[in-house]
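Working notes, beginning with the structure itself.
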Amino acid sequence: MVDTQTLMISLLIIEALFAALMLIIAKIQDNYPGFLIWSISLVVLTISSVFLSFRGFIPDIISILLGNTLFLTGLVLMAESLHRFYTNMPLNRMYYLIIVPFVILIGYYTLIEDTISIRSCILTFSSAIILSLSIHIVYRNAAQERIPSILLMASLTGFVAVMVIRGVLWFLRPLGRDFFESSPLNIGLYIAAIIALIIITIMYLLLHFHRLNTELRRSNEKTKSLLADLDSQNRELEHLAWRLQTLNEELEQKVKERTKNVENLLLQKDHFINQIAHDLRTPLTSLVALVPLIRKKIRDEETTKLVDILDQSIKHLRNWTDQIIMMAKINRQNSITDYEEFSLAGLVAYALNKNAVLIADKKITVSLNIPEDLTVCVSTVLGETIFSNIISNAVKFNSTMGHIIITGSQDNKNVRITVTDTGIGMNRETIERIWDELYVADESRSDPESKGLGLAMVRKIIELHEGTISAMSPGLSQGSTIRVTLPRFCPDFYNIPDTGTKKRNEPDIT
């Protein structure tokens, strides 16, 4: 027959295995409150079984007192674990005081009156009371996981029944220490206790996995709901994207139509202006030729002055007409096809020569800082217009005895030209609008010979050369600076023969 000590060792091994299993599960599922506490309770019960199983090797006083105290503590930890599992809250620490009177009684009947039957009754009934606390916790929260909770209450009740029967038998049949070691009934009760503890742990695991399954199911349902919402939103986004694409296509079509209409209007405008300019040029050409002849035949000095005024006005009108024709031509032009490399110093000298009279009248000093070998690639027809207009403005709007500084530099691809004057300057609004056609800033910048086409035309020509132009000024009466960037070399695809750098030989201003 198997003795009680062997059974208790078996119980120890089983408790140790379950404790290890629960610790592993607690490590994996650390988000479930109370699970680790149950694992600790099994560890405490295992240690209790160690002390109780090795009586004889360990002094009875230590074995009995420490083993029974740890046994009751393990049962309270089970109640703690269940309370945390259901409520996510710790058990009131007052419940741990239940252990104190029972430990005192067990100590009394161990140390003072070594009465094994009374001590056993106290242990079994105190165990039943603590297990009843666990049953109450499960019963109070059984609605959460109904079926696993009922099974857990049943297994706990079975364990209570085993402990109560054992206590009653010890009270009715106190047979002494020999009975503790070899009684078949006592052995049967230990076996029942082992089975009850195994079932309780299995039911707790079942309760845990039931909750895990429930949460997974809820999570799946929530995921399906979110996926359904996401699918609905995707369909809505697809519909909105389709609507947006339709609106974009409609808008693009309207923009194309409007752009085409604007282009047609601009072409009509340029054609109209060009036609008017050509119609004006024919009689103006005749007038330009006839007025000098008329002057020769007039002997009256006063009439001669009037004819000179008429001649000047006709020339001004002729120049304006030529400028309008050139602007209309440039607006119709999309690229430059007559590139040539010119000496930058030669182009600047040519422009200064055209303004030599006004420079001398206003006593303006000009400083040139342009290397002689610096070349720039510009149109043979339009290149001179760039520098003539910029330098003409620098002279025209400069102050008497003013100063003009013209510098040129280069990098691997571009040539940079800077023209700085000490004239009337510009405000921010003027800087932003001087590139507009027919814009005249104010009376201080207006001129009878200027109709606001010069800088607009220059900008268009520079853009056709794929260059840049910008204006800067500290403010009114503080001068202005114009910066121009133009290509240094002519494009290869024009197949321009390599005949050397072309340089103009216009006279310098002295």
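The values are calculated or read from the model by the stated rules, or taken from the named source; none is laboratory data. What you see is a predicted model, and the numbers here were worked out from it, not measured in a lab. Backbone-built Cβ (ideal geometry, glycine too); neighbour counts: all protein chains shown.
Are any of the residues in the stretch 257-265 free of Cβ contacts under 8 Å to residues at least 12 places away in the same chain, part of a helix (DSSP H, G or I) and either within 30 Å of residue 78 (Cα to Cα) or in contact with a helix residue (DSSP H, G or I) (Cβ under 9 Å, 6 or more places away or on another chain) (or both)? Spell out how you get there, then give the answer.
Here is the first cut: in the stretch 257-265, the ones free of Cβ contacts under 8 Å to residues at least 12 places away in the same chain are 257-265.
Keeping just the survivors that are part of a helix (DSSP H, G or I) gives 257-265.
The next check asks that each one be either within 30 Å of residue 78 (Cα to Cα) or in contact with a helix residue (DSSP H, G or I) (Cβ under 9 Å, 6 or more places away or on another chain) (or both); those that pass are none.
The answer is no; no qualifying residue exists.
Which of (1) closer than 19 Å to residue 172 by Cα; (2) buried (at least 18 other Cβ atoms within 10 Å of the Cβ); (3) out of contact with any Gly (no Cβ under 8 Å at 6 or more places or on another chain) does residue 124 not meet, given it meets every other one?
The single condition residue 124 does not satisfy is (3).
Which condition number in (1) at pLDDT 80 or above; (2) not in a helix (DSSP H, G or I) is the one that residue 72 fails?
(2)
Enumerate the pairs (first residue in the stretch 360-380 and closer than 15 Å to residue 345 by Cα and of a type outside the set (A, V, I, L, M); second residue anywhere and at pLDDT 90 or above and assigned to a strand (DSSP E or B)) with beta-carbon separation below 6 Å, excluding pairs fewer than 6 apart on the same chain, so at least 6 apart or on different chains.
367/405; 369/407
Just to be sure I understand the filter: pairs with C-beta atoms under 6 Å, separated by 6 or more residues or on different chains, first member in the stretch 340-358 and surrounded by fewer than 20 Cβ atoms within 10 Å (Cβ to Cβ), second member modelled with pLDDT of 90 or more. Which pairs pass?
These pairs meet every condition: 358/395.
When you scan the stretch 215-231, do you find a residue that is under 30 Å from residue 22 (Cα atoms), of a type in the set (A, V, I, L, M, F, W, C) and out of contact with any helix residue (DSSP H, G or I) (no Cβ under 8 Å at 6 or more places or on another chain), even just one?
yes
Starting from the stretch 141-166, take each residue that is within 30 Å of residue 120 (Cα to Cα) and list its partners that are surrounded by 16 or more Cβ atoms within 10 Å (Cβ to Cβ) and among the polar types (S, T, N, Q), counting only C-beta distances under 7 angstrom and pairs at least six apart or across chains.
Within 7 Å, the pairs are 156/134; 163/124; 163/127; 164/124; 166/124.
What tally of residues in the stretch 309-351 results from selecting those that are at pLDDT 85 or above and of a type in the set (A, V, I, L, M)?
Matching residues across the stretch 309-351 total 6.
Quick one: count up the residues across the stretch 467-493 that are of a type in the set (Asp, Glu) and either at pLDDT 85 or above or touching an Asp or Glu at 6+ places or on another chain (Cβ under 8 Å) (or both).
First pass over the stretch 467-493, keeping only residues of a type in the set (Asp, Glu): 492.
Pick out the ones that are also either at pLDDT 85 or above or touching an Asp or Glu at 6+ places or on another chain (Cβ under 8 Å) (or both) and you get none.
Residues flagged as of a type in the set (Asp, Glu) and either at pLDDT 85 or above or touching an Asp or Glu at 6+ places or on another chain (Cβ under 8 Å) (or both) within the stretch 467-493 amount to 0.
Given (1) at pLDDT below 85; (2) over 55 Å from the mean Cα position of the chain (by Cα); (3) of a type outside the set (Val, Ile, Thr); (4) farther than 18 Å from residue 42 by Cα, identify the lone condition not met by residue 143.
(2)
Collect the residues in the stretch 36-94 that are over 19 Å from residue 16 (Cβ atoms) and in contact with a strand residue (DSSP E or B) (Cβ under 8 Å, 6 or more places away or on another chain), keeping them in residue-number order.
64
With respect to the numbered conditions (1) in contact with a strand residue (DSSP E or B) (Cβ under 8 Å, 6 or more places away or on another chain); (2) modelled with pLDDT of 50 or more; (3) among the aliphatic types (A, V, I, L, M), which one is the sole condition not fulfilled by residue 496?
The single condition residue 496 does not satisfy is (2).
Considering only the stretch 357-418, give the strands (runs of 3 or more DSSP E) lying wholly within it that have at least 1 residues that are among the hydrophobic types (A, V, I, L, M, F, W, C), modelled with pLDDT under 90 and under 48 Å from the mean Cα position of the chain (by Cα). I'd like the intermediate steps shown before the answer.
Details: elements: 365-369, 375-379, 403-410.
It comes to 375-379.
Considering each of 272, 209 in turn, give the residue that is within 30 Å of residue 21 (Cβ to Cβ), among the aromatic types (Phe, Trp, Tyr) and either in contact with a strand residue (DSSP E or B) (Cβ under 6 Å, 6 or more places away or on another chain) or surrounded by 11 or more Cβ atoms within 10 Å (Cβ to Cβ) (or both). Quick ask: steps written out before the conclusion?
Numbers: 272 fails: within 30 Å of residue 21 (Cβ to Cβ).
That would be 209, the only listed residue that is within 30 Å of residue 21 (Cβ to Cβ), among the aromatic types (Phe, Trp, Tyr) and either in contact with a strand residue (DSSP E or B) (Cβ under 6 Å, 6 or more places away or on another chain) or surrounded by 11 or more Cβ atoms within 10 Å (Cβ to Cβ) (or both).
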